[in-house]
Amino acid sequence: MQPLLHLKYRLLAPLVLVLGAVIGYPLAFSLWVSLHNYTLTAIGQAKLVGAANYLGLLANPSYWRAIGNTVTFVLVAVGLELILGFGLALLLHHRATPLRHLFRSLLLTPMFITPIAVGLMFRFLLNSQLGIIPQALKALGIHVDWFGSRLALFSLALIDVWQWTPFMLLLLLAGLEALPTEPFEAARVDGASGWNMVRYVTLPLMRPVILAAVVIRMLDAFKVYEYVYAITRGGPGESTETIQYHIYRVGFLYFRMGEAAAMAYTLIIVVLILVILLFYVLRRSAT
Amino acid sequence: MKGKLLITILLALALGIAACGPKPTPAATPASEAETPAAAATTAPPAPPSETVTLTVIMEQVPDYDIVAQLTPQFEAKNPNIKIKFDAMPYDAMRDKILTSFLAPQATYDIIIVDNPWMDEFAKAGFLTPLDEYIAATPGYDFNDFVGPVREIGVVDGKVYGVPYYNYALGMIVRQDLFDNPDYQAKYQAKYGKPLTVPTTLEDYVQVGQFFKEQGIYGAAMQPQRGYKVFEEWKNWLYAAGGDLMDAQGNVIIDNEAAQKALELYIEMYKTAAPPDSLNWGFDESLRSMAAGESATMISYNWMLPTLNKPGGPAGDLAGKFALYEVPGGKAVLGTWHWAIPHNTPNKDAAWMFVSWLTSKMVDKQRVIMGGAPTRVSVMTDTEVWEKGFGKGYYETVLKILEDAEPLARGPHAEEIINEVGTYLNSAVAGEMSVAQALKAAAEKTREISARP
C-alpha cells in the first residue's frame, strides 16, 4: 500500500506545521487586523475598513518622518560598520598584527550585551550631567550636545556602530580567512602594492561575504527600537522616532492595532525593496 | 539557486519583523455588559471570604508602593482569609500588562492602579468595576473627604471607577536661601526696581530665572522632554497665561494667543535660563540639578520637596533650604493614581475590602505620616500629620495646589493627546518648528484624535 504522502513531504510536514503556527498564523492575523479598525479597548467593535489604514499612512507625516529616520539610521550605521569592520578584519587577518587573538576576543564583546543594556549604558555615558564622555570632552574644551535635535539620530547610529561592528568584523574575518591564497601570491609576483591587493584582489573575492553581512545587518538595523526606547523616546521632536518605535507607540500605547499592523506591512515592503535593490546593484557591478 | 535560497531566507526574516507586531487577543467584554452594577449590589458591606483568597495587585515601583507594602500586613492580620501579593514594576511596563489582564477571560490582577490619563479610556471600555455601591455600603468611608479635583478624576459619566491612591500635582520648588539672600535681593532691586520674590506671573518667572543665570545659577531646571514631560510642565505655563487645551464646550483652543504667549515665554526661559543640553530632561534630571545646587527653581511634583529637604538625602548640605509654592498663576497640572477593580476579577468583594481599608481615613493618615502623597482633606489638616510628617506649611500648600488643579487631558484618548501635543511642544523648544506651527499642528492633531469614536 502506497503512503498518502511521499516521504519527503512527510519529513517536511512537522517544520511546515511549526512555521505555519508561529509565523504563518500571526502574519495572516496581523494582515486581517490591518484591514480592520482594530483597537484593543474595543475589540468587539472592530469593523472592516479595507485599505483605509494603508491609505491613511500616505497623509501621516509622523509615519513618513519615522521611515526617513529609520532609513538614515540604517545607512549611517551599516555604512560605518562596514568600513570599520572591514578595516579591523584586515588588521586582525594580518599576521604581523601584535596580540591579534586577544584583540579578536576583546573586539567581539559588545555584541554579546543585550541592546537595551547598551542603550541604558550610553544614556548615562553621554548624559550631560553624569556622563564621562561629555566630561572628558569638556576637559579638552569640546562641547557636544549628543542628544540635541541635530545630533541625536547620529548618536544612536554611533551606538549601533559600537555594538554591531564586531558582527561585521566576525563575518568579514571569517570570509578573509577562507579566501584562496593563490590569487594573492600571483598578485604579489606581479608586484601589486598593499592597497592594490585589497582593491583588486581582496574586495572582488569578498563580495559575496560583504553582501551577506550588509544585508543581515541592514535587516537587523531596521528593527532598531531598544536604543530609542532607552535613550530618546523618539525625541527631540520626532528626530529619532524610528518606524519600530512608531509602531510600538501606535499599537501598544494608543492600542490602535489596525494602523500599527498596516505600518508593519509597509515596513516589510520597504525592507524588500532595499534588499532587491542591493542585490541588483551588486550583481550588476559583478558583471 | 543560491540567490533564490538567500532571498527566501531574507523574506522570512523581513516578515518576521512584522510578526513581532500585534498578536491575537481574546474578545473583550462589551461595555454594556461590564457596566452592570457590581456583584455586591447591597447596602451591607462585603463579607470576608470563607476560604483563603490571594489578591494580586499591580503597582508601580516607587516609594509610595513601599509604604503600601509596609502597611499591608496590618490588613492581612485583620483579614486572615485575604492574602495580598504585589507585582511591582516600572511605569513603562504597566499599561500593556493591565490591558492584557483586562482582555483575559479571568483577570491576572484583582486590583490595579490607574494613572489619570487612562481612567476614562478604561472605564468607557467597560474594563473597570463601578464602585458607587461599594462606597455607599462602607461605613465611615467619606468619599467626599478626598480633595475635589483628585476625587473627580475617578468619576466617569457619573459613576465612580477609582478611589484616590496618591497625587502628583505640580508645584514650584525653589531654593529659599537664594531668594532670601540680601546680596541677591539688593542686586535684583537695583536692576528691576522691585523686590526679589518667588514669582507669581510668567513674566516675573522668566525675569527671576534670567537674573539667577546672571549670578551663575541656572534659573529653572526645566523638563522639556518629548511627550508627557514637556506637556506636564508647560501646561502650568498655559494656565498662567489664561489658556487651556480645550474650552468649556470641548473646543480645542491650544493654538490661541494665550498658548502662543505661554510657549514663547517657556522657550525664552529654556534658552536664557535653563541648564544647557537639557532638551531631553525629565523630572529625575531636574531633581538632580536642584539637589546639586545648580538651579534655583523647578516646576515639579509637590512631594519632591520632602525628598530634597531630607537630611542625608540627595541634596546633601542643601537639605532644608528648599520650599514649595504654587506655580505662577496658581492653577496647576494635576496628576493622580487611583485604585480600581477590573471587571473580570472574581474577587471584587475582597478587592474592595483591601482598597477601602487602605484608603480609609485612618490608614490613609498613617500612609501620609510615613511619607505618602496626600489625597484626603482631613489628613492634610490633621495636626498629628503636620507634626509627624513634613510640617503644617507643606500640607497647607499641597492642599491649595490640589484644590486648584486640573489633569492634562481627559477623555478616552487622553494618553494619545498628551503624547502628541508633547511631541509638538518639544519640537518647538528644539527649534524644529516655530511656536505658531507647533501649536497649530498640536491643535489639529488633538481635534483629529478627539473626533475618533
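Brief remarks on what is shown
- Condition met for B:F143 (of a type outside the set (D, E) and assigned by TED's automatic domain parsing to the domain that holds B:Q366): yes
- Candidate set from the range A:35-81 (those that are under 29 Å from the mean Cα position of the chain (by Cα), part of a loop (DSSP other than H, G, I, E, B) and without any contact (Cβ under 8 Å) to a residue 12 or more places away in the chain); member that is farthest from A:G258 (Cα to Cα): A:A59
- Applying the condition of being surrounded by fewer than 17 Cβ atoms within 10 Å (Cβ to Cβ) and in contact with a strand residue (DSSP E or B) (Cβ under 9 Å, 6 or more places away or on another chain) to the range B:129-142 and asking which residue is nearest to B:A44 (Cα to Cα) yields B:I135.
Residue-wise test of (1) within 12 Å of chain A (Cβ to nearest Cβ); (2) in a loop (DSSP other than H, G, I, E, B); (3) among the charged types (D, E, K, R).
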position	(1), (2), (3)
B:P48	no, yes, no
B:L55	no, no, no
B:M59	no, no, no
B:K83	no, no, yes
B:F86	no, no, no
B:M94	yes, no, no
B:I98	yes, no, no
B:Y109	no, yes, no
B:I113	no, no, no
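Table: residues versus (1) within 20 Å of A:H93 (Cβ to Cβ); (2) out of contact with any helix residue (DSSP H, G or I) (no Cβ under 7 Å at 6 or more places or on another chain).
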site	(1), (2)
A:R104	yes, no
A:T114	no, yes
A:V144	no, no
A:R150	no, yes
A:L153	no, no
A:D190	no, yes
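- Any chance B:D277 is within 14 Å of chain A (Cβ to nearest Cβ), under 21 Å from A:G237 (Cα atoms), part of a loop (DSSP other than H, G, I, E, B) and free of Cβ contacts under 8 Å to residues at least 12 places away in the same chain: yes
- Here A:A96 meets the list (1) assigned to a helix (DSSP H, G or I); (2) surrounded by fewer than 16 Cβ atoms within 10 Å (Cβ to Cβ) almost entirely, failing just condition (1).
Rundown of residues vs (1) in the same structural domain as B:M353 (by TED's automatic domain parsing); (2) loosely packed, with under 13 Cβ neighbours inside 10 Å; (3) at pLDDT 50 or above, yes/no style:
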| residue | (1), (2), (3) |
| --- | --- |
| B:P26 | no, yes, no |
| B:S32 | no, yes, no |
| B:V53 | yes, no, yes |
| B:V57 | yes, no, yes |
| B:E60 | yes, no, yes |
| B:Q74 | yes, no, yes |
| B:P90 | yes, yes, yes |
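- Selection status of B:S360, surrounded by fewer than 23 Cβ atoms within 10 Å (Cβ to Cβ), in contact with a Phe, Trp or Tyr (Cβ under 9 Å, 6 or more places away or on another chain) and in the same structural domain as B:P49 (by TED's automatic domain parsing): yes
- For the criterion of being surrounded by fewer than 16 Cβ atoms within 10 Å (Cβ to Cβ) and either part of a loop (DSSP other than H, G, I, E, B) or without any contact (Cβ under 8 Å) to a residue 60 or more places away in the chain (or both), A:R207 fails.
- Restricted to the range A:180-204, and to residues there that are of a type in the set (A, V, I, L, M) and exposed (fewer than 13 other Cβ atoms within 10 Å of the Cβ), the residue that is nearest to the other protein chains (Cβ to nearest Cβ) is A:L203.
One line per residue, one yes/no per condition, for (1) in contact with a helix residue (DSSP H, G or I) (Cβ under 6 Å, 6 or more places away or on another chain); (2) crowded, with 22+ Cβ neighbours inside 10 Å; (3) at pLDDT below 95:
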| site | (1), (2), (3) |
| --- | --- |
| B:T383 | no, no, no |
| B:G389 | yes, no, yes |
| B:L399 | yes, no, no |
| B:E403 | no, no, no |
| B:G411 | yes, no, yes |
| B:E432 | no, no, yes |
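- Among the residues of the range A:123-143, the one identified as hydrophobic (A, V, I, L, M, F, W, C) and at the interface with chain B (Cβ under 9 Å from one of its Cβ atoms) is A:L130.
- Yes/no for A:A213 being of a type outside the set (S, T, N, Q) and without any contact (Cβ under 8 Å) to a residue 24 or more places away in the chain: no
- Hits in the range A:178-204 - residues which are part of a helix (DSSP H, G or I) and touching a residue at least 12 places away in the same chain (Cβ under 8 Å): A:P183, A:F184, A:A187, A:M197, A:V198, A:Y200, A:V201, A:T202
- Number of residues in the range B:383-407 that are assigned to a loop (DSSP other than H, G, I, E, B) and either in contact with a Lys or Arg (Cβ under 6 Å, 6 or more places away or on another chain) or in the same structural domain as B:Y239 (by TED's automatic domain parsing) (or both) equals 1.
- From A:I276, A:I247, residue being modelled with pLDDT of 90 or more, in a helix (DSSP H, G or I) and either buried (at least 16 other Cβ atoms within 10 Å of the Cβ) or within 11 Å of chain B (Cβ to nearest Cβ) (or both): A:I247
- Any hit, the range B:241-252, residues being within 14 Å of chain A (Cβ to nearest Cβ), touching a helix residue (DSSP H, G or I) at 6+ places or on another chain (Cβ under 6 Å) and either surrounded by 19 or more Cβ atoms within 10 Å (Cβ to Cβ) or not hydrophobic (A, V, I, L, M, F, W, C) (or both): no
- So A:Y265, is it under 21 Å from A:S34 (Cα atoms), free of Cβ contacts under 8 Å to residues at least 40 places away in the same chain and under 18 Å from the mean Cα position of the chain (by Cα): no
- Of all residues in the range A:66-79 being crowded, with 18+ Cβ neighbours inside 10 Å and of a type outside the set (V, I, T), the one that is farthest from the other protein chains (Cβ to nearest Cβ): A:A77
- Long-range neighbours under 6 Å by Cβ, at least six apart or interchain, first residue over 16 Å from B:L178 (Cβ atoms) within the range B:312-340, second surrounded by 22 or more Cβ atoms within 10 Å (Cβ to Cβ) and aromatic (F, W, Y): B:P328/B:Y205; B:G329/B:Y239; B:K331/B:Y239; B:W337/B:Y165; B:W337/B:Y166; B:H338/B:Y165; B:W339/B:Y165; B:A340/B:Y161
- Residue that is farthest from the other protein chains (Cβ to nearest Cβ) [pool: residues in the range B:255-274 that are outside any helix (DSSP H, G or I) and in contact (Cβ under 8 Å) with a residue 24 or more places away in the chain]: B:D255
The values are calculated or read from the model by the stated rules, or taken from the named source; none is laboratory data. Quick caveat, the model's predicted, so the values are computed rather than measured. Ideal geometry is used to build each Cβ from the backbone, glycine not excepted, and the neighbour counts take in all protein chains shown.
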